[in-house]
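Okay, structure first, notes after.
The values are calculated or read from the model by the stated rules, or taken from the named source; none is laboratory data. What you are looking at is a predicted structure, and each value in this text was computed from that prediction instead of being measured. Note that each Cβ is placed from the backbone with ideal geometry, even for glycine, and that neighbours are counted across all protein chains shown. The area values use the complete protein model at the heavy-atom level, side chains included, leaving out ligands, DNA and RNA. Shrake-Rupley method; radii C 1.70, N 1.55, O 1.52, S 1.80 Å.
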Amino acid sequence: MEFTASPKPQLSSRANAFSIAALMSSGGSKEKEATENTIKPLEQFVEKSSCAQPLSELTSLDAHGEFGGSGAGSSSPSSSLCTEPLIPTTPIIPSEEMAKIACSLETKELWDKFHELGTEMIITKSGRRMFPTIRVSFSGVDSEAKYIVLMDIVPVDNKRYRYAYHRSSWLVAGKADPPLPARLYVHPDSPFTGEQLLKQMVSFEKVKLTNNELDQHGHIILNSMHKYQPRVHIIKKKDHTASLLNLKSEEFRTFIFPETVFTAVTAYQNQLITKLKIDSNPFAKGFRDSSRLTDIER
């Protein structure tokens, strides 16, 4: 008597859709699709992908504001994000030409008023614009040269703060939270000619602050209840550089204005800051006749 192998059972189209092989393959495609949808270019913003790569080894920044790798040694997108400032915080001796450049903070009187009270900046998941806005003007630049103007925000110290209402002052609450990914904001009008910088003010009104660590819009990510210092950088762009920016070879200068130090908050702590923002912000017109003390920048 001969035994024949029983035929392999055929799955219906409905059953086949729930088979292990089908579920595995569809899961892989969904994961790949999700990754492709998540990784987007951060236009006009910079985010370094790995701390292991020192500044001197960075190659270039393309037109979308992303660093280009240096061949096979470049870091992969899956590398851990860098939390160190992308431009060094230690002073670097500038060249004779760059040393001639001076930078002035516009609306300094307004910044001084906030600084006396202890400036606070609202941070949100979707991103909130700064008020006052960082606005600067330059002098001493070469009128025929081209320059990139950037801004970043770095921690003042390694402490976390809390507001003591009975004292109306900020007190140290403990050690700082883990640092967040470091980002640079490249001014969207860069590169400027020296002639343009001599004639016009550079305003960073489009910079937005967020506390969303997974932000995909290029906003500057900060920790709430921590103190920060904005910095303005100017980089001379060499004629032979094809990309927007090449940090390895370009000369740069950094300018810091102590009166722009602020504490990042999710809600204003000092009511005097709230009042000053309402009185000073042209976009807070609807709050001036209201008793509500709420967020004012849009």
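Where strands (runs of 3 or more DSSP E) fall wholly inside the range 133-226, the ranges with 1 or more residues that are farther than 18 Å from residue 255 by Cα, free of Cβ contacts under 8 Å to residues at least 24 places away in the same chain and open to solvent by 30 Å² or more (accessible area, probe 1.4 Å) are 169-175.
Consider the range 86-111 and keep the residues that are of a type outside the set (A, V, I, L, M, F, W, C) and touching a helix residue (DSSP H, G or I) at 6+ places or on another chain (Cβ under 9 Å). The one that is modelled with the lowest pLDDT is 88. Which ones in the range 255-278 are crowded, with 18+ Cβ neighbours inside 10 Å and among the hydroxyl-bearing types (Ser, Thr, Tyr)? Within the range 255-278, 260, 263, 268, 274 qualify.
Looking across the range 87-111, the residues that are farther than 24 Å from residue 156 by Cβ and part of a helix (DSSP H, G or I) come down to 96, 97, 98, 99.
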